[in-house]
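The values are calculated or read from the model by the stated rules, or taken from the named source; none is laboratory data. Being a predicted model, the structure only gives us computed values, none of them experimental. Because the Cβ atoms are built from the backbone with ideal geometry, glycine has one as well, and the counts that use them run over all protein chains shown.
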Amino acid sequence: MDKDLPKIEIYNSKRKLVLLLLFSFIFIVISILAFLHSSFYKKILFTVSLLFFLICFLVFIIQLLKSGKPIIILDENGIMYNILLKNKNIFVKWTDIREIYFSKTFIYLYLKEESSLSRNRKNPDEPIVFYMSELKMKKDTVIAMITFYFEKSTGVI
C-alpha cells in the first residue's frame, strides 16, 4: 500500500440538487393544477404523479440538507461511500476489490470471494453500487481518481 496517497473527499453538487428541487416543485404544481381541472380517471394519474414528485422533492431536500458531508472518500486504505438516505457509510478496502466497473451514473465494486464484506452479503456475487450522478466533480475525474487509487494501492502500477 502506498502511504503517499492523500485523502480525497468528493461532495454532492448543491447546484444540481437545487435544480432537481426546482424541477420537482414545478411538476408538483403542474400535477396539482391538472388534478383540480380533470376528470375522475385523470385524477388518479395526477395523484400518482403528485406522489412521485413529492417523494423526489423530499429526497432532494434530505440530500441538500446533508450535502455538507462527503459522498465518496478515497484514501490509501480504501473507498468510503456515504449513503445519505440511510445515514450510514460503506467502507471497502482496496485489497477486497476484485474489479471496478463504471457506467454513466454508477460505480460497481466487485468484491473478492474471501472478502469479509462479500461473506456478509445476501448475494456475494452482486457488486456494491455507488451512485455518482449528482457529484460536484466531473465523472471522468472521479473515474480516473478511483482507478488510480485502486491500481496504486493494489500494486497494479
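Cβ-Cβ contacts under 7 Å between residues 6 or more apart (or on different chains), taken from a first residue in the stretch 132-145 that is of a type in the set (V, I, T) to a second residue that is surrounded by 15 or more Cβ atoms within 10 Å (Cβ to Cβ), are listed as V142/I10; V142/M132; V142/L135; I143/F102. Looking at F35, F60, just one residue is touching a Lys or Arg at 6+ places or on another chain (Cβ under 8 Å) and not assigned by TED's automatic domain parsing to the domain that holds K138, and that residue is F35. In the set (1) part of a helix (DSSP H, G or I); (2) of a type in the set (S, T, N, Q); (3) surrounded by 14 or more Cβ atoms within 10 Å (Cβ to Cβ); (4) free of Cβ contacts under 8 Å to residues at least 60 places away in the same chain, the condition left unmet by Q63 is number (4).
Within the stretch 64-73, identify whether any single residue is in contact with a helix residue (DSSP H, G or I) (Cβ under 7 Å, 6 or more places away or on another chain) and at pLDDT below 85, and answer yes or no. So far as the stretch 64-73 goes, yes, one or more of its residues are in contact with a helix residue (DSSP H, G or I) (Cβ under 7 Å, 6 or more places away or on another chain) and at pLDDT below 85.
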